[in-house]
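Comments concern the structure below.
The values are calculated or read from the model by the stated rules, or taken from the named source; none is laboratory data. Nothing here was measured: the structure is a model prediction, and the numbers come from that model. For neighbour counting, all protein chains shown are included, and Cβ atoms are generated from backbone atoms with ideal geometry for every residue, glycine included.
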Amino acid sequence: MLEQYQDRFKYILVDEYQDTNASQYLWLRLLAQARKNICCVGDDDQSIYSWRGAEVANILRFEKDFPGATVIRLEQNYRSTPQILAAASALIAQNSDRLGKTLWTDLEPGDKLRVVGVWDGPEEARRIGEELETLQHRRVSLDRTAILVRAQFQTREFEDRFIAIGMPYRIVGGFRFYERAEIRDALAYLRLVQSSADDLAFERIVNVPKRGLGDKALARIHQFARHERAPLFHAASRITETDELTPQARRQLANFVAQMRNWQAKANELSHPELTQLILDESGYTAMLQADRSVEAAGRLENLSELVRAMEEYESLEAFLEHVSLVMDRDNDDTTETVTIMTIHAAKGLEFDHVFLAGWEDGVFPSQRSMDEGGTQSLEEERRLAYVAITAPGSGRASIMLRTAVSMANG
């Protein structure tokens, strides 16, 4: 069977070789071992997808796997200015696991990168907003500007600020902060705490996390609510005193109603951020995500932590929910020029004239979670991610907004 495939694929060309995983690597070695007619194109300094299974070691050992292979270093850069290349090269040179290259360009020097220190996220969003307004006054198209972040939760402060100043924006590669499923779930809990007559909120979270309340149970609750002419939550409370539901469903629903009433009482005792964290923990929502081993779960937990932090900026739960309602009502005209907000991972291969690299703060970027899980190897990947971010401006310029000292440069 192997010989059939080797005979079928006599010449093999692989692009983005630095992003291959273990299975792809082994498969390619088997296919190419007979004739060794294989050509791989890649950049070890741009290997940033280990969380998808990519292994930078594949490209690093290419010459060992295929002795006698010709290595051609494509070191001329056609899109980045000398200023940008110098900054990116100085950072990536700190990595030990790399093939090494000396990039150069014949482009004009261009603008220098600017490093701006700020106290916190809100000030960072305000400063970048002011910079974007200055670019608008200079008639620079917002379509040529971008804010690149390490993690999805970082978009929230920019969204809130841009709504306040009327700056059009779009989120690429994900939902707006308040549209994300875990955020909508948390908001549904809070809306039901605030108003037990909110049927939409009840429907969204009565079985999230799973409580064994399936479609049949929910249909019974709906029927009972129509018969009683009562909101769903009140109907749920009353139906637990009947035989309309199975014993297990009745017990689970009674527990949910009791929890909700407890949270409603606690709303008068706790601050709204404290109440939100209590609900997430006591409802089992936090535990549900902690038990989820998917790549997305950790990011969803970060988003919920950001939600709790965001609430601290508002005097009351009512004020916060009113703000969220205004944000959710926002709808950009597709023809409007917009600032692009996206993660660095999503920006790979794209190019903008003006790029703001936000949140280069210890624990955020480089990511503390990544370094805790992978140690030095993860730190080197964080540097590669920074390398990709710095070279995103092309012939434009970049601003790095620092909140604290960045550890990527010195390990």
ask   = Would you say ARG184 is in the same structural domain as HIS234 (by TED's automatic domain parsing), within 18 Å of the chain's Cα centre (by Cα) and under 25 Å from ARG156 (Cα atoms)?
value = yes
key: In segment 7-28, residue farthest from ALA88 (Cα to Cα) [restricted to those that are assigned to a helix (DSSP H, G or I) and in contact with a helix residue (DSSP H, G or I) (Cβ under 6 Å, 6 or more places away or on another chain)]   = TYR25
ask   = When segment 239-254 is examined, which residues are found to be part of a helix (DSSP H, G or I) and either surrounded by fewer than 16 Cβ atoms within 10 Å (Cβ to Cβ) or not assigned by TED's automatic domain parsing to the domain that holds ASP199 (or both)?
value = PRO247, GLN248, ARG251
inquiry  = Of the residues SER305, SER294, SER316, only one is small (Gly, Ala, Ser) and over 21 Å from the mean Cα position of the chain (by Cα); which?
reply    = SER316
task = Pick out the one residue from VAL327, VAL308, VAL388 that is among the β-branched types (Val, Ile, Thr), part of a helix (DSSP H, G or I) and at pLDDT below 85.
result = VAL327
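For every residue, the table says whether it meets (1) at negative phi; (2) buried (at least 19 other Cβ atoms within 10 Å of the Cβ); (3) modelled with pLDDT of 90 or more.
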| residue | (1), (2), (3) |
| --- | --- |
| TRP119 | yes, no, no |
| ALA125 | yes, yes, yes |
| GLU131 | yes, no, yes |
| HIS137 | yes, no, yes |
| ALA146 | yes, yes, yes |
| PHE153 | yes, yes, yes |
| ARG156 | yes, yes, yes |
| ILE163 | yes, no, no |
key: So ARG170, is it over 20 Å from LEU304 (Cα atoms), in contact (Cβ under 8 Å) with a residue 24 or more places away in the chain and not aromatic (Phe, Trp, Tyr)   = yes
ask   = When you look at GLY110, is it in the same structural domain as PRO393 (by TED's automatic domain parsing), surrounded by 14 or more Cβ atoms within 10 Å (Cβ to Cβ) and part of a loop (DSSP other than H, G, I, E, B), yes or no?
value = yes
task = Give segment 1-22 a look and list any residue that's without any contact (Cβ under 8 Å) to a residue 12 or more places away in the chain and of a type outside the set (D, E, K, R), or say none.
result = MET1, GLN4
From ARG138, ARG114, ARG79, residue being in contact with a strand residue (DSSP E or B) (Cβ under 6 Å, 6 or more places away or on another chain), among the charged types (D, E, K, R) and closer than 22 Å to GLU351 by Cα = ARG114
query = Going by the conditions given, is THR391 more than 22 Å from THR81 (Cα to Cα) and either basic (Lys, Arg) or over 18 Å from the mean Cα position of the chain (by Cα) (or both)?
reply = no
ask   = On the given criteria, is ILE12 buried (at least 18 other Cβ atoms within 10 Å of the Cβ) and in contact with a strand residue (DSSP E or B) (Cβ under 9 Å, 6 or more places away or on another chain)?
value = no
task = Give SER370, SER378 a once-over and let me know the one that is free of Cβ contacts under 8 Å to residues at least 60 places away in the same chain and assigned to a helix (DSSP H, G or I).
result = SER370
ask   = Given the conditions (1) farther than 30 Å from GLU269 by Cβ; (2) surrounded by fewer than 22 Cβ atoms within 10 Å (Cβ to Cβ), which single one is not true for ALA197?
value = (1)
